[in-house]
Amino acid sequence: MKTVDNINDLRQIVSEWRQQGLKIGFVPTMGNLHAGHISLVTEAHKHADKIVASIFINPMQFGANEDVDNYPRTMEADQQKLAAEGTDLLFTPTPEIIYPKGLDKQTFVEVPTVSEGYCGESRPGHFRGVSTIVCKLFNLVQPDIACFGLKDYQQVQVIETMVEDLSMPIKIIPVETIREESGLALSSRNGYLTEEELKIAPALSQNIQWLAKELKNGNDFIGLAKTAALYINNAGLKTDYIHVCNAKTLQPASEDDTDLVILAAAYCGKARLIDNLRFSLPAIY
């Protein structure tokens with residue numbers, strides 16, 4: 001695996017692959033990699049000849065009360081994991097390379113509607129930062145396909161919408177969430193959990209599962225979601241939100257919707273955990 005930290009080297013290598021007629025896959029990350037990230041590389045190999053990964057802790061997607069400086073940095077371990085999975089090229093730019101004018105003067109990309117509400121409401125400006133960096137990385141790498149984890153379901157919808165709206169010739173491949181045996185979704189945020197918090201954190205996914213099963217027997221979306229939030233709180237977490245939505249538009253579910261997704265977030269100690277479950281009525285899949 002080659003590692004480059006500048007745009008010219010990145011473009012030169014990808015250009016050489018293009019001239020050979022090779023298909024390019026891309027996995028953008030912020031590092032501190034776990035099995036969920038590596039599953040994206042595994043999936044990318046199924047669709048492309050060469051795999052590019054990036055590690056960039058994007059300051060634009062951190063809010064006023066979120067400390068980008070304390071985000072875990074594990075570059076050496078990340079490189080070893082990516083190399084072991086057969087990644088061909090790793091791009092590790094600095095903020096000065098990505099945002100040479102500074103954040104205040106940087107052109108940004110904003111995706112309406114699907115980026116509003118849920119994590120978009122809890123973390124103002126977050127999805128502007130996500131869509132901007134992904135758009136820029138897409139322009140730099142120019143991949144044929146790109147893989148994103150479905151744990152960040154709203155993020156996947158934002159990126160798919162951006163690609164469609166801006167007519168980008170890139171296929172977005174969503175990859176299923178990797179979980180602990182307890183059901184807890186793998187996340188870099190899990191590193192903030194204490195031993196005791198790790199015991200109660202699975203209550204988020206457990207109650208999402210409960211809610212989905214209950215919805216098979218009725219469509220009281222709001223009432224059942226409120227009950228699930230109460231159960232999550234009683235388990236020792238603090239619910240940020242839990243909503244039943246149309247799986248495509250992310251608008252609140254109506255009686256006519258059959259393709260649904262439960263979106264949820266909760267605080268467990270210092271960590272803010274997110275999770276989701278997409279399902280169809282009457283059958284969950």
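One line per residue, one yes/no per condition, for (1) assigned by TED's automatic domain parsing to the domain that holds Asp152; (2) surrounded by 21 or more Cβ atoms within 10 Å (Cβ to Cβ); (3) over 30 Å from Glu164 (Cα atoms); (4) of a type in the set (Ser, Thr, Tyr):
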{"position": "Ile200", "(1), (2), (3), (4)": "no, no, yes, no"}
{"position": "Ala203", "(1), (2), (3), (4)": "no, yes, yes, no"}
{"position": "Gln209", "(1), (2), (3), (4)": "no, no, yes, no"}
{"position": "Phe221", "(1), (2), (3), (4)": "no, no, no, no"}
{"position": "Ala229", "(1), (2), (3), (4)": "no, yes, yes, no"}
{"position": "Asn234", "(1), (2), (3), (4)": "no, no, yes, no"}
{"position": "Ala253", "(1), (2), (3), (4)": "no, yes, no, no"}
* Select from region 149-185 the residues that are farther than 24 Å from Lys248 by Cβ and either in contact with a Phe, Trp or Tyr (Cβ under 6 Å, 6 or more places away or on another chain) or buried (at least 18 other Cβ atoms within 10 Å of the Cβ) (or both) and list them in ascending order. => Leu184
* Asked: For residues in region 214-236 being charged (D, E, K, R) and touching a strand residue (DSSP E or B) at 6+ places or on another chain (Cβ under 9 Å), which is nearest to Gly191 (Cα to Cα)?
  -> Lys226
* Asked: Could we say that Ser187 is closer than 23 Å to Pro28 by Cα and polar (S, T, N, Q) here?
  -> yes
* Structure fact -> Scanning region 123-155 for residues that are over 24 Å from His243 (Cα atoms), in a helix (DSSP H, G or I) and touching a residue at least 60 places away in the same chain (Cβ under 8 Å) gives Thr132, Ile133, Val134, Leu137, Phe138, Leu140, Val141
* Can you confirm whether region 3-13 contains a residue that is under 20 Å from the mean Cα position of the chain (by Cα) and either aliphatic (A, V, I, L, M) or not assigned by TED's automatic domain parsing to the domain that holds Asn139 (or both)? => no
* Exactly one condition in (1) free of Cβ contacts under 8 Å to residues at least 12 places away in the same chain; (2) under 21 Å from Tyr153 (Cβ atoms); (3) of a type outside the set (Gly, Ala, Ser); (4) in contact with an Asp or Glu (Cβ under 9 Å, 6 or more places away or on another chain) is not met by Asp220; state its number. => (2)
* **Out of His34, His45, sole residue that is within 16 Å of Ala84 (Cα to Cα) and in contact with a helix residue (DSSP H, G or I) (Cβ under 9 Å, 6 or more places away or on another chain)** => His34
* **Unmet criterion (only one of (1) within 22 Å of the chain's Cα centre (by Cα); (2) under 23 Å from Leu150 (Cβ atoms)) for Lys23** => (1)
* Looking at region 229-246, is at least one residue of a type in the set (Gly, Ala, Ser) and within 13 Å of Asn276 (Cβ to Cβ)? -> no
* Structure fact -> All-but-one check, Arg18 against (1) at pLDDT below 95; (2) assigned to a helix (DSSP H, G or I); (3) farther than 22 Å from Ala185 by Cβ, failing number (1)
* Asked: Which ones in region 1-28 are surrounded by fewer than 19 Cβ atoms within 10 Å (Cβ to Cβ) and either polar (S, T, N, Q) or touching a Ser or Thr at 6+ places or on another chain (Cβ under 6 Å) (or both)?
  -> Met1, Thr3, Asp5, Asn6, Asn8, Gln12, Ser15, Gln19, Gln20
* Exactly one of (1) under 17 Å from His37 (Cα atoms); (2) of a type outside the set (Gly, Ala, Ser); (3) assigned by TED's automatic domain parsing to the domain that holds Arg18 is unmet by Gln157. Its number? -> (1)
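The values are calculated or read from the model by the stated rules, or taken from the named source; none is laboratory data. Treat the numbers as computed from the prediction; the structure is a model and nothing was measured. Note that each Cβ is placed from the backbone with ideal geometry, even for glycine, and that neighbours are counted across all protein chains shown.
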